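The values are calculated or read from the model by the stated rules, or taken from the named source; none is laboratory data. These numbers come from a predicted model, not from an experiment. Because the Cβ atoms are built from the backbone with ideal geometry, glycine has one as well, and the counts that use them run over all protein chains shown. Keep in mind that these areas ignore ligands, DNA and RNA; they rest on the heavy atoms of the full protein, side chains included. Shrake-Rupley method; radii C 1.70, N 1.55, O 1.52, S 1.80 Å.
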Amino acid sequence: MFILRNIVLLTLTAVPTSLLAQEAPIPAIAEACASCHQLDRSEGNTAHAAPPLFYAGNKYRQEWLEQWLQAPYRLRPAGGFFADHVITEDGIDSVDEASLQDHMAVDSSKAADIADWLMSLTPMDDLLAASSDYQPGSVSPRMGAMDFVKFKGCGGCHRDTPEYGGLSGPELYTAWQRLQPQFIVSFIKDPRAWNPDSAMPSRGLNDGQIHKLADYLKILTNED
Amino acid sequence: MNREANIFLNCLLGLALILTLGMSAALEAADAEQGRLLYRENCAQCHGLEGSGKGINAPHLEVAPRNHTDYEEMNARTNEELFKAISEGGQAVNKSVLMPNWGHTLSEEDINNLIAFLRKLCCEQ
């Protein structure tokens, strides 16, 4: 029994070290990013300051990444972690705009190199593959919006147009341009499988329901 | 009072004590400080950092989030009702679907910690 337990312990401790061994070192071009972003799976992201990037290759579309790094625009109306950017007066919360910083920008050749490197970070291939049966489809804008806002409650935390929706989550009217379709599906299914610190709940939706929501995000981009 | 009636009464009292202790045990073990952190990370985006129901998302919700500092409203709810509302969402307690079902995201322990914090917030001032 004692020996068995030791074997189990040994195997358990062996796993993280082998994972660590596989992680490539952070290249010099991305060093500046590490002060805010989690670039390494083993690091832990207790600061909440910025979205984790260690699975960037499983999340973004490379073209978007390269462009955004040169001309970043705000995605989260209340910053990296909303609670850090809120002022409360007489019990009423509002976004402390003054506390929001513009994101650093890099030139086009740096952006290309960084995007290349970020896209090579794919530790979540298996999780992503579990959503591979999603075939982007279509949904009427009216039905899609009703589902998103009224029936599934996504609009409480997310904007689906620049004017409409909640502030704690990233805007979703450019989501289809920046995110891989399978990531969208997988994240809605189980946000904490991607980011244990996520403030987004899993609502236990079935695949059909999730695909419909993803289709709605798709038409938000294709409409204009 | 005769002896038998006395023994019977004592047993009854003992039973009542065991029942009350059992029911509050889950909550007694709950950690309101842990609940406070969970509240800030998950609930405050809609219910507000001070729990007044006026979080940053509140103006964008068709149904106003519950004010957790309202003594009357909160006192009218049992811990079981609060557990159900958090775990299964607003719809399960005939309220708005905009209140998510957190049972897929938070553990039972998390939810009990949140309830312990809610009890402090509403009713211990």
- Failed item, numbered, when A:G137 is tested on (1) in contact (Cβ under 8 Å) with a residue 40 or more places away in the chain; (2) assigned by TED's automatic domain parsing to the domain that holds A:H37; (3) surrounded by fewer than 13 Cβ atoms within 10 Å (Cβ to Cβ): (2)
- Which of the residues spanning the range A:168-208 are open to solvent by 50 Å² or more (accessible area, probe 1.4 Å) and among the aromatic types (F, W, Y)? A:Y173
- Index of the failed condition, A:D126 passing every other in (1) under 25 Å from A:T161 (Cα atoms); (2) surrounded by fewer than 17 Cβ atoms within 10 Å (Cβ to Cβ): (1)
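Residues that are closer than 22 Å to A:S168 by Cα, more than 13 Å from every other protein chain (Cβ to nearest Cβ) and at pLDDT 95 or above: list the helices (runs of 4 or more DSSP H) wholly contained in the range B:1-110 that include at least 2 such residues.
Numbers: elements: B:3-29, B:32-38, B:44-47, B:71-75, B:79-88.
Per the criteria, B:32-38.
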- Message: For the structure I just gave you, tell me whether A:G80 is closer than 26 Å to B:C46 by Cα, modelled with pLDDT of 95 or more, among the small types (G, A, S) and open to solvent by less than 70 Å² (accessible area, probe 1.4 Å).
- Response: no
- All positions within the range A:188-220 that are more than 28 Å from B:R40 (Cα to Cα) and among the β-branched types (V, I, T): A:I219
- Query: So is A:T46 of a type in the set (V, I, T) and at pLDDT 95 or above or not?
  - Reply: no
- Just one of (1) among the polar types (S, T, N, Q); (2) surrounded by 14 or more Cβ atoms within 10 Å (Cβ to Cβ); (3) more than 21 Å from A:S198 (Cα to Cα) trips up A:S94, so point out which. (3)
- Checked the range A:111-137 for anything within 29 Å of A:Q70 (Cβ to Cβ) and assigned to a helix (DSSP H, G or I); matches are A:A111, A:A112, A:D113, A:I114, A:A115, A:D116, A:W117, A:L118, A:M119, A:D125, A:L128
